[in-house]
1. Please work out if PHE236 is out of contact with any strand residue (DSSP E or B) (no Cβ under 8 Å at 6 or more places or on another chain) and more than 23 Å from ARG186 (Cβ to Cβ).
2. Sort through LEU281, LEU265, LEU253 and tell me the only one that's modelled with pLDDT of 95 or more and out of contact with any helix residue (DSSP H, G or I) (no Cβ under 6 Å at 6 or more places or on another chain).
3. Between a residue in the range 105-119 that is touching a residue at least 60 places away in the same chain (Cβ under 8 Å) and any residue that is surrounded by 12 or more Cβ atoms within 10 Å (Cβ to Cβ), which pairs come within a Cβ distance under 8 Å, given they are 6 or more apart or on different chains?
4. Just give me the residues in the range 227-276 being closer than 16 Å to ALA126 by Cα and outside any helix (DSSP H, G or I), in sequence order.
5. Of all residues being open to solvent by 10 Å² or more (accessible area, probe 1.4 Å) and closer than 22 Å to PRO239 by Cβ in the range 56-71, which is farthest from the chain's Cα centre (by Cα)? Just the residue, please.
6. How do the helices (runs of 4 or more DSSP H) wholly within the range 64-179 filter down when requiring 1 or more residues that are at pLDDT 95 or above and over 17 Å from GLY247 (Cβ atoms): which remain?
7. Counting only residues that are open to solvent by 70 Å² or more (accessible area, probe 1.4 Å) and either among the hydrophobic types (A, V, I, L, M, F, W, C) or touching a residue at least 12 places away in the same chain (Cβ under 8 Å) (or both), which one in the range 180-194 is nearest to ALA137 (Cα to Cα)?
8. Hey, among ALA35, ALA23, ALA45, which residue is open to solvent by 50 Å² or more (accessible area, probe 1.4 Å) and either at pLDDT below 95 or under 25 Å from ALA233 (Cβ atoms) (or both)?
Amino acid sequence: MSDAPSLTVMPFGIPSDAEAAFARYEAIRPRLPVARHAAQSVRVASLEEVADQVDGFLLDAFGVLNVGETAIPGAVARLASLRARGKKLVVLTNAASYTRQQLLAKYHRLGFDFTADEVVASRDVAVARLEGIAGGATWAAISAAGDTFADIPARVLDAVSDPRAFRDADAFLFLSTARWSPVLQRQLQAALQNKPRPLVIANPDLVAPREGGLTLEPGLFGHDLADRLRVEAHWFGKPFPEAFFEGIARTGLAPDRLAMVGDTLHTDVLGGAAAGCRSVLVTDHGLFAGCDTGPFISASGITPDFILGSI
């Protein structure tokens, strides 16, 4: 359930690399939260130095703990060290293809020892709010193959395998791009144009780092629809506040005693700062791998409190 479409098989023209992804994030910036940022970043060797200034960490997964299905070298040991120092740890992930239990099983398989209470998935954040958005609705879900929707307390149709869902559903839930295509995107656009309905994006990421490069994620398609239509779009996951509220609550700490650790400026750093947390940008494994992050930080004004290569 992790095979999102790759840039090589879905040539939308953007984003083909970090620079193109950054440009797209900047283009949709008016839809993102507003935050105040550090005047200047401090470069550190590891999270051990940041741990001297905070009591806990909110951790992105892709580009921080793992790349695709592979744990980043040293990440398991680093988190064990932070736990030994009494630091609170919570994973805050936009991986909406998976249920929380599936994510937990994945992290355990990679060697991490998170408990269920230490994983906050944007899928859970979105699902908890569906009834408030469209009470009693039949939802058309855009999902990965094999998703049973057992964790969703609503009537759910599979929008990819059942073409009637575009016509019959009362609202749409975008969970995964694993089976998505330009043809289906056009069908969804036409369906929303002909009959406006709520659209929930449970993964606001535009791209994600995997072993084969960047993959296109639900946020990219959601923003394309928002650009083209007057769609009632609801965004859940980083950088939007509901996911941070949940992650912060799991730690029992005040936001300013936490650091959000991630590989992107517009989701992890921006969202963390907007929630009142410190921020840490990881540069070696995620969106900015192999890039000089200075020009991106200067151009966006999104300045992390700390910058490091790997955690």
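1. Working: out of contact with any strand residue (DSSP E or B) (no Cβ under 8 Å at 6 or more places or on another chain): no; more than 23 Å from ARG186 (Cβ to Cβ): yes.
The answer is no for PHE236.
2. Working: LEU281 fails: out of contact with any helix residue (DSSP H, G or I) (no Cβ under 6 Å at 6 or more places or on another chain); LEU265 fails: out of contact with any helix residue (DSSP H, G or I) (no Cβ under 6 Å at 6 or more places or on another chain).
Just one listed residue meets the conditions, LEU253.
3. ASP117/ARG250; GLU118/LEU89; GLU118/VAL90; GLU118/VAL91; GLU118/ARG250
4. Of all residues in the range 227-276, those closer than 16 Å to ALA126 by Cα come to 232-247.
GLU232, ALA233, HIS234, TRP235, PHE236, GLY237, LYS238, PRO239, PHE240, listed by residue number.
5. Of the residues in the range 56-71, the ones open to solvent by 10 Å² or more (accessible area, probe 1.4 Å) are 60, 62, 67, 69-71.
Next cut, closer than 22 Å to PRO239 by Cβ only: 60, 62, 67.
Details: ASP60: 8, PHE62: 9, VAL67: 14 Å.
For the range 56-71, the residue satisfying everything is VAL67.
6. Numbers: elements: 75-84, 100-109, 122-127, 130-133, 165-168.
By residue number, 75-84, 100-109, 130-133, 165-168.
7. Quick first cut of the range 180-194, residues open to solvent by 70 Å² or more (accessible area, probe 1.4 Å) only: 183, 186-187, 193-194.
Going one step further and asking which of them are either among the hydrophobic types (A, V, I, L, M, F, W, C) or touching a residue at least 12 places away in the same chain (Cβ under 8 Å) (or both), we end up with 183, 187, 193.
Numbers: VAL183: 25, GLN187: 20, GLN193: 19 Å.
It comes out as GLN193.
8. Details: ALA35 fails: open to solvent by 50 Å² or more (accessible area, probe 1.4 Å); ALA45 fails: either at pLDDT below 95 or under 25 Å from ALA233 (Cβ atoms) (or both).
Result of the check over ALA35, ALA23, ALA45: ALA23.
The values are calculated or read from the model by the stated rules, or taken from the named source; none is laboratory data. All values reported here derive from a predicted model rather than from experimental measurement. Heads up, the Cβs are rebuilt from the backbone with ideal geometry, glycines too, and the neighbour counts pull from every protein chain shown. We work out accessible area using only protein heavy atoms, side chains counted, and drop any ligands, DNA or RNA first. Shrake-Rupley method; radii C 1.70, N 1.55, O 1.52, S 1.80 Å.
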